Amino acid sequence: MLRKTYRIGVMLSTTGSYGAVARSMLNGATLAFQEIAAAGGAPLLEPVIVDPAGDLARYRALSLELLSSGVRHVVGCYTSSSRKEVIPCFEKCDGLLWYPSHYEGFESSDNVIYTGAAPNQHVLPLVDYLVARVGKTAFCIGSNYIWAWENNRIFREALMARGGSVIAERYLPVGDTDVDRVVEAIVDQRPDFVFNNLIGSSAYSFFRALRRACRARGIDQVATIPVASCTLSEPELAEIGEDAVDGHLSSSVYFSSVGGVANAVFRRAYAAAFPQGPASSADAESSYIAVKLLAAALQQAGTDEARAVRAAVANQRLAAPQGEVRIDPQTYHAWLTPRIGRSTADGQFDVLLEAQQPIAPDPYLVQTSPRFATAMRSPLLRVV
């Protein structure tokens, strides 16, 4: 009996300022396609890969091109601006975007399945960790688009609810590497920590410049002005370079160093398939999860019609590398396991804290409002 074959779009900016992350995402999705093809049983998925190169207009054009060619499902987008750009295309053509990246929340579309972390799964656990273990004054920096604006807003409200404060907030254009002035301001003002929402080459330049400026003044940057992010991942540590790679905090649902049999199998398969890298990461795992859940939903639905697949995916559970993942039937976001990691000199992360089990997504922070500390229901983290 012939297996059904469905064409699946993969839309990631593997070139451009955040290409390293996108290439790891493509690797994660590709590994899932390969495993599905080898396993038999489930429908065969034929990837149709496109590269918008970080150009918003290209995201929209390529989305319409894929959807008009008969593709109904697209795994893709890394930035929130690209996601916002293409959602109207999927709503118009009744397709499903499988969005495999952490994001700022405050969105729910019938045409999107969200397999990355919502703000209660990465921002709020990071605030709890920083206030308890690092300090209460922050300098916020980010790339000038919706991800950083909203993430900084959520972070600021949560920090203030715990008695902290933001002493400054600065934004740079996406891809801008002229960071010296903002670094000088940080070193002069000496916050307890920096909350970083820069992406791509902007972030890599910032990490190097901050470490360089602190060394010039005899300051131990890691101990005195640590940098905390919700985006920093293993492929980016390689981009930062060995002189400034260690000691950075990251809040994520996956690090390649997490334990467990499922992750050990995933790491071996990923390394064998992509020996040239980039390294596996939370975004690579999220892309892998998206393709696996899509395949299971297609098999259950027996069709690639978007409404049927959306209904079917709510019934799926996956033994993912990070632990069990399932899609919440109310929000169509994923239940995920929050973790806090610290980067090491060898380009990995030590896992400092992790939730004891997956927690429900709360994209609108209805149950975990950062405005009221007494109302918080953050995940219970345990020391690793």
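The values are calculated or read from the model by the stated rules, or taken from the named source; none is laboratory data. The structure presented is a predicted model; accordingly, all values stated were derived computationally and were not measured. Positions of Cβ are backbone-derived with ideal geometry, glycine not excepted, and every protein chain shown enters the neighbour counts.
Can you spot a residue in the range 177-188 that is among the polar types (S, T, N, Q), touching a helix residue (DSSP H, G or I) at 6+ places or on another chain (Cβ under 7 Å) and within 24 Å of residue 78 (Cβ to Cβ)? Within the range 177-188 (the criterion being among the polar types (S, T, N, Q), touching a helix residue (DSSP H, G or I) at 6+ places or on another chain (Cβ under 7 Å) and within 24 Å of residue 78 (Cβ to Cβ)), the answer is yes, since at least one residue qualifies. Going by the structure shown, is residue 174 touching a residue at least 24 places away in the same chain (Cβ under 8 Å) and farther than 23 Å from residue 119 by Cα? Answer is no for this residue. Is it true that residue 349 is surrounded by 15 or more Cβ atoms within 10 Å (Cβ to Cβ), among the aromatic types (Phe, Trp, Tyr) and more than 17 Å from the chain's Cα centre (by Cα)? So residue 349 fails the test. Part of a loop (DSSP other than H, G, I, E, B) and either surrounded by 23 or more Cβ atoms within 10 Å (Cβ to Cβ) or small (Gly, Ala, Ser) (or both): is that true of residue 142 in this structure? So residue 142 fails the test. Within the option set 291, 325, 309, being part of a strand (DSSP E or B) and surrounded by 21 or more Cβ atoms within 10 Å (Cβ to Cβ) holds for one residue only, 325.
Within the option set 215, 208, being surrounded by fewer than 24 Cβ atoms within 10 Å (Cβ to Cβ), more than 30 Å from residue 258 (Cβ to Cβ) and not β-branched (Val, Ile, Thr) holds for one residue only, 215.
Determine whether the range 99-113 contains at least one residue that is under 25 Å from residue 29 (Cα atoms) and in a helix (DSSP H, G or I). No, there is no match, as no residue in the range 99-113 is under 25 Å from residue 29 (Cα atoms) and in a helix (DSSP H, G or I). Can you find even one residue in the range 246-255 that is at pLDDT 95 or above and surrounded by fewer than 22 Cβ atoms within 10 Å (Cβ to Cβ)? Within the range 246-255, one or more residues are at pLDDT 95 or above and surrounded by fewer than 22 Cβ atoms within 10 Å (Cβ to Cβ).
Within the range 56-70, can one find any residue that is of a type in the set (Lys, Arg), assigned by TED's automatic domain parsing to the domain that holds residue 110 and within 28 Å of residue 322 (Cβ to Cβ)? No, there is no match, as no residue in the range 56-70 is of a type in the set (Lys, Arg), assigned by TED's automatic domain parsing to the domain that holds residue 110 and within 28 Å of residue 322 (Cβ to Cβ).
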